[in-house]
Structures are given as C-alpha cells and as structure tokens.
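A short reminder: the numbers here are calculations on the coordinates, not readings from a lab. All figures in this text were calculated on a predicted structure; none of them were measured in a lab. Cβ coordinates were reconstructed from backbone atoms using ideal geometry, including for glycine residues, and neighbour counts include every protein chain displayed.
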C-alpha cells in the first residue's frame, strides 16, 4: 500500500455545504458561500479584505496586475521557488530578479538590496513549505526603497511572524486551495489585503473587468473566478484550520525526534522569527553517503512511500537557460543554497491522516536506503 505525500481530509461540513449549493442551484461564482468564505478568511488571516479566485497562481497574477506592475518593471523573487513566481511575473510584463534563499528555504533578506535597481517595483516573498520568511527584515528593506511586498503564502496557511499571520504583513497576500494544502477546495485561491483600492481592483480583474452597467469594460481582465461549490468546501475546511495546523506541527515534531542527530540528513527547521505550519516535511540528503537523492526517491516509492523532490531552482530551469527573452531572469551569479536544495532536497509524507507507526516506518526506511 502507498503512503501518499499528502491527501485531502474532508471530515467536516464539506458535504453538507456542497449539498446546500445544489439545493439553492447556485453553483457558479459570487454566491453566498463565496461571500462567507471571503469574510471568514480575512478574519482568520487578519486583513480587512479577502477576494476568492480560481487558484494560487491566478492569485499571484492578480496581485501583480492590481499593484500596477508591468512592462519595464522588475520583481525580486527567490531563486528557490515554484515556477509560477517567475512565470506570473513574466506574464504581467515584468522581469523576475533572482535572490538566493536562507537556511530556512525562504528568500534571504541579506541578499535583496544588492539586486535592487531603479526598475525594481516589488519583492515577492515565498513562504516555503510552511516556513515563514523573515518579514521584519524584508519589510524594512521594502519601506526604505518604497517597494511593494507580495506574500506568496500558498504553502503556509496559518504560519506566523511575531504573532502576525503571514499574508497580512505585506501589501498583498496570495493563497492556494489545492488538494494538498491546509485548506483545500480541490482548486481555488485567495488574495488578501488591507487596502480597499487593491481589493476592488482584484475583484474587477478576476471577472473580465465587468463594471456597471454590465458588458462595458474599461480594463482588460481575466476569468479567475472561484465557484460557490469550491467556496463551500473551502469554508468547511477553514472551520477546522486550527486542528489541521496543530496536526501538521505534531507530525513534524515526531519526524524531528526520529531524524535528529543523523549525520546523513538535514531536516526541516522552524525559523526563530516565526511559527511554521510544516505544510511539507523536507529532508536534505547529504551527498557523501552513497546514494543520490533521486535514487532514494525511486527506492522509497518501491517501498510504498510517496515522496517528491524539491523544486528545481529558477536559475536551473531549462526555459530560462535555453531561451533568450529580455523578460526572463538573469541566471548569472551564485545561488549556492538554492542549488543545494534543488539537488539534495526531498519531502516525505506529512498528510493529516498519517499515523506515528507510518512515520516510524518512513523514517527507518529512509535512513536504511541512504547508504548503499
């Protein structure tokens, strides 16, 4: 039997709320569950406004456009991230500028200022695998240089910095409700902000730029709406978010007990400035013990353990290395931390249904496979 890396847990009011959608016949966007979800999600994060959208990627795209970022602008992003950090910046018309990450896998504040130019418009922070970035330092840099801060919190619902939930610290925050997240609706996303003008712009952009009277357009928008069925599922998930966060942290705590002091690996660390939600539990395989990271992944799958490699850094992506486009990031320079994570990192199962017996089997199997 396979132990998946993660899986959705639907043990609350998900079915009840979805059936209410069917009974009301409101299954498309902007229904009553969408309005409830936006209100309650904003309260949970600690922002004045929250706007539902189709997924986390569209949330990032909406954030960039709503802030007026476009042609000729630069956006600083971490090198170690998922492709949408770069691709959405490019689709907005701007250019991503890469910065290495720190030992907690988030953008390194100490390396940001050297990448700022007169064209820099924003810093995009990615809270990686549940770890919050060092927002205190990042916000200080942003205020000094008058830059926007976009928080990609798609993998860190409920993570905190100095008691403040991530997503609420910068100018705008982005969340994903993909199947493996702490809140899921299969697909779906959310944009949060404390600024009404930004929330209004996101609402306009996500629905083709429809204004009143309808079918008159003053801007080009997108179809990034989220259905009320998805909102119903996400609302039920939100009702149990504190339990989900607690369970993720419990799973991480047990893995740390099982794997600490093992010289063959480095394990997921919680940053001193905040609270991680350990969305995925990451392990760095030392490369001096025989087997490579990719060999170990293949063997873990054969043992019935779902696992996945870390993201490939942007500086290593074939599209950016092999194609020439002035909007593509400059991959020259050194990204040692990011490079090591991309080559040696993997994450092991951390789903909410995981048992301690399964965790023990996973940890023991992992360690047994590292040495040939």
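Overview of values
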read-out	value
Prolate/oblate/rounded call for region 1-92, Cα gyration tensor, a/c under 1.5 rounded	oblate
Shape category assigned to region 150-269 from the gyration tensor of Cα positions, a/c cut at 1.5	prolate
Simple spin-label estimate for residue 330 and residue 71 in nanometres, 7 Å along Cα-Cβ	2.2
Principal axis dimensions, largest first and in whole angstrom, of region 241-370 by Cα	51, 38, 25
For the chain, share of DSSP beta bridges that run antiparallel, in % to the nearest 5	60
Cα gyration tensor shape for the chain, rounded if a/c is under 1.5, else prolate or oblate	oblate
Pairwise FRET efficiency - residue 140 versus residue 215, Cβ, R0 = 56 Å, nearest 0.05	0.75
